[in-house]
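Notes follow the structure.
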Ligand code: NAD
């Protein structure tokens, strides 16, 4: 049972030029039934077979590079990052293959209390993993959990965002060209209702998106006693200590705040600067921000693509208006511009107070609020004064000093003397703090091992106990 067509807006033209037909509950149930059946062979064929199949997938992606990239460009309105999304899939597959090989060792031993009982711990993959992804990096965030889950031996069903669904069609073609992969990997179209139905159909759900939706997904999964891994929003602080290199900090923070037009979970959304450096930092940041250009009308020129999602453009415009109305000073940018699609220049803002929405809510746009602090204690308190705890950046004279300060910040990843390094690094495990997420890190070895249940095999190498040994009359005195 499929639902009514969903219209899709082009982020560069602002026009509706695509549609998808959402999968209904019955479609999802049928697809999941099929995937579960085929998962058994996928699991038993072994890791070497899965590695070969995923390598074939990487090679086929390279062959279809143009088609997938073109679709992603239409989905997101930006070119360079779309090419990067496609080109980083093969290295990602190789990275997970290495981790999967390292995770093959069988662990076991013997009981310390009763040494004649030995044990061996085996890893059993979950049968079916669901992936629900957002619109900011449509391909990357659809495959980031799917690849390790497949290598682990699970079958996977992916539902991309209804805001950016175009890349799914060429990706399905690539998958179809590798029958062994097509048996265990399906992509369905749809919106929130489809996502909801998917949560009910899988054993594990990997969700990337907003806190509001993540909360619903987590609650729904819990009712089914299924596992949820939630990768949610952020309001990342950058803290510039009084002995930091201002030029380096301004360059890194500008990039870390506005790359992909700020549509990145780990983008810097609050900038705290030691009072001593404040004027110098602000001057440098504003000068650098003024040099940033938009990739319109020519997609081959300019630093920033459009705001992909209409709803997000409203949030950005509302946050700027709210800050302005409450007395903030806008140094650059300051409005969402209509060029068919919607764009926003880097917007450096000062004169902020806690009552302003921009200080509390995620912006997910190129907004850079800059706030001075007078002591390190005050900087820690302000940085931690947030419902979010995804990541943070600290700038100081030395890496050691920045790391020591970073240990006071409530966030899963701390970039030292640079900004938003989580977007460049997949090996470092990190768990979200507060509302930014739940469940084991998607990065590093745990991003693979979380797709297994542990199953222990215990052997008694001696005579079995008898029930008489538990007769009360044989109990020792106490
Ligand atoms: P969203 O929560 O609106 O939607 C995400 C996905 O959930 C979409 O595919 C949507 O169709 C689906 N969905 C909606 N309602 C659902 C429901 N009830 N049940 C199941 N699925 C449902 O988020 P978005 O606007 O697409 O993405 C932006 C958000 O994603 C931001 O908050 C951003 O910070 C976050 N994000 C987090 C990370 C991370 O790794 N922590 C990475 C990228 C984006």
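Could you run through region 65-94 and say how many residues are touching a strand residue (DSSP E or B) at 6+ places or on another chain (Cβ under 8 Å) and in a helix (DSSP H, G or I)?
Summing the residues that are touching a strand residue (DSSP E or B) at 6+ places or on another chain (Cβ under 8 Å) and in a helix (DSSP H, G or I) in region 65-94 gives 1.
Out of 233, 195, which single residue is within 13 Å of the ligand (Cβ to nearest atom), within 30 Å of residue 373 (Cα to Cα) and in contact (Cβ under 8 Å) with a residue 24 or more places away in the chain? It would help to see each step written out before you state the result.
Numbers: 195 fails: within 30 Å of residue 373 (Cα to Cα).
From the options 233, 195, the qualifying one is 233.
Against the definition (in contact with a strand residue (DSSP E or B) (Cβ under 7 Å, 6 or more places away or on another chain), within 23 Å of residue 177 (Cα to Cα) and at pLDDT 95 or above), how does residue 49 come out, yes or no?
Spelling it out, it is not the case that residue 49 is in contact with a strand residue (DSSP E or B) (Cβ under 7 Å, 6 or more places away or on another chain), within 23 Å of residue 177 (Cα to Cα) and at pLDDT 95 or above.
Has region 370-377 got any residue that is touching a helix residue (DSSP H, G or I) at 6+ places or on another chain (Cβ under 7 Å) and within 15 Å of the ligand (Cβ to nearest atom)?
no
Specify which of the listed residues (97, 157) is within 13 Å of the ligand (Cβ to nearest atom), over 16 Å from the mean Cα position of the chain (by Cα) and assigned by TED's automatic domain parsing to the domain that holds residue 45.
Working: 97 fails: within 13 Å of the ligand (Cβ to nearest atom).
So the residue among 97, 157 that is within 13 Å of the ligand (Cβ to nearest atom), over 16 Å from the mean Cα position of the chain (by Cα) and assigned by TED's automatic domain parsing to the domain that holds residue 45 is 157.
Taking the criterion of being buried (at least 16 other Cβ atoms within 10 Å of the Cβ), assigned by TED's automatic domain parsing to the domain that holds residue 262, part of a loop (DSSP other than H, G, I, E, B) and without any contact (Cβ under 8 Å) to a residue 12 or more places away in the chain, would at least one residue in region 298-310 satisfy it?
Among the residues of region 298-310, at least one is buried (at least 16 other Cβ atoms within 10 Å of the Cβ), assigned by TED's automatic domain parsing to the domain that holds residue 262, part of a loop (DSSP other than H, G, I, E, B) and without any contact (Cβ under 8 Å) to a residue 12 or more places away in the chain, which makes the answer yes.
Looking only at region 41-51, how many residues end up being in a loop (DSSP other than H, G, I, E, B) and exposed (fewer than 14 other Cβ atoms within 10 Å of the Cβ)?
Number satisfying all stated conditions: 1.
When the residues of region 236-257 are narrowed to those that are in contact (Cβ under 8 Å) with a residue 60 or more places away in the chain and assigned to a helix (DSSP H, G or I), which ends up surrounded by the fewest Cβ atoms within 10 Å (Cβ to Cβ)?
248
What are the residues in region 431-473 that are part of a loop (DSSP other than H, G, I, E, B), touching a residue at least 60 places away in the same chain (Cβ under 8 Å) and more than 16 Å from the ligand (Cβ to nearest atom), if any? Outline the logic, then answer.
Here is the first cut: in region 431-473, the residues part of a loop (DSSP other than H, G, I, E, B) are 431-432, 435-436, 439-445, 450-451, 461-466, 471.
If we keep only those that are touching a residue at least 60 places away in the same chain (Cβ under 8 Å) too, we end up with 432, 435-436, 439-440, 442, 444-445, 450-451, 461-462.
Once the filter is applied, which keeps residues that are part of a loop (DSSP other than H, G, I, E, B), touching a residue at least 60 places away in the same chain (Cβ under 8 Å) and more than 16 Å from the ligand (Cβ to nearest atom), region 431-473 yields 445, 451, 461, 462.
In region 28-56, how many are under 21 Å from residue 164 (Cα atoms) and over 25 Å from the mean Cα position of the chain (by Cα)?
The number of residues fulfilling the criteria is 0.
Restricted to region 177-192, and to residues that are over 18 Å from residue 39 (Cβ atoms) and in contact with a helix residue (DSSP H, G or I) (Cβ under 9 Å, 6 or more places away or on another chain), which residue is farthest from the ligand (Cβ to nearest atom)?
Going through the qualifying residues, I end up with 177.
Looking at 317, 323 in this structure, which one is in the same structural domain as residue 361 (by TED's automatic domain parsing), crowded, with 22+ Cβ neighbours inside 10 Å and either part of a loop (DSSP other than H, G, I, E, B) or in contact with a strand residue (DSSP E or B) (Cβ under 9 Å, 6 or more places away or on another chain) (or both)? Outline the logic, then answer.
Working: 317 fails: crowded, with 22+ Cβ neighbours inside 10 Å.
Going through 317, 323 in turn, the sole match is 323.
Do we find that residue 355 is in the same structural domain as residue 256 (by TED's automatic domain parsing) and in a loop (DSSP other than H, G, I, E, B) in this structure?
Spelling it out, residue 355 is indeed in the same structural domain as residue 256 (by TED's automatic domain parsing) and in a loop (DSSP other than H, G, I, E, B).
Restricting region 199-220 to residues that are part of a loop (DSSP other than H, G, I, E, B) and touching a strand residue (DSSP E or B) at 6+ places or on another chain (Cβ under 8 Å), which is nearest to the ligand (Cβ to nearest atom)?
Here the residue is 209.
Quick one: how many residues across region 102-114 are within 15 Å of residue 450 (Cα to Cα) and not in a loop (DSSP other than H, G, I, E, B)?
Matching residues across region 102-114 total 1.
Part of a loop (DSSP other than H, G, I, E, B), farther than 30 Å from residue 3 by Cβ, away from the ligand (no atom under 12 Å from the Cβ) and assigned by TED's automatic domain parsing to the domain that holds residue 352: is that true of residue 289 in this structure?
No, not satisfied.
Only one residue in 145, 122 is assigned by TED's automatic domain parsing to the domain that holds residue 31, under 28 Å from residue 45 (Cβ atoms), in contact with a strand residue (DSSP E or B) (Cβ under 8 Å, 6 or more places away or on another chain) and surrounded by fewer than 17 Cβ atoms within 10 Å (Cβ to Cβ). Which one?
122
Which ones in region 413-427 are touching a strand residue (DSSP E or B) at 6+ places or on another chain (Cβ under 8 Å) and either at pLDDT below 95 or surrounded by 18 or more Cβ atoms within 10 Å (Cβ to Cβ) (or both)?
413, 414, 415, 417, 418, 419, 420, 421, 422
Every residue, every condition in (1) out of contact with any helix residue (DSSP H, G or I) (no Cβ under 8 Å at 6 or more places or on another chain); (2) within 17 Å of residue 93 (Cβ to Cβ); (3) outside any helix (DSSP H, G or I), yes or no:
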| site | (1), (2), (3) |
| --- | --- |
| 18 | no, no, yes |
| 27 | yes, no, no |
| 36 | yes, no, no |
| 39 | yes, no, no |
| 53 | no, yes, no |
| 58 | no, yes, no |
| 61 | no, yes, no |
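Could you please give the count of residues in region 258-284 that are within 16 Å of the ligand (Cβ to nearest atom) and either assigned to a helix (DSSP H, G or I) or farther than 20 Å from residue 333 by Cα (or both)? I'd like the intermediate steps shown before the answer.
Keep residues of region 258-284 that are within 16 Å of the ligand (Cβ to nearest atom), which gives 258-270.
Filter once more, so that each one left must be either assigned to a helix (DSSP H, G or I) or farther than 20 Å from residue 333 by Cα (or both): 258-262, 265-266.
The qualifying residues number 7.
The values are calculated or read from the model by the stated rules, or taken from the named source; none is laboratory data. What you are looking at is a predicted structure, and each value in this text was computed from that prediction instead of being measured. Reconstructed Cβ throughout: ideal geometry from the backbone, glycine too, with neighbour counts over all protein chains shown.
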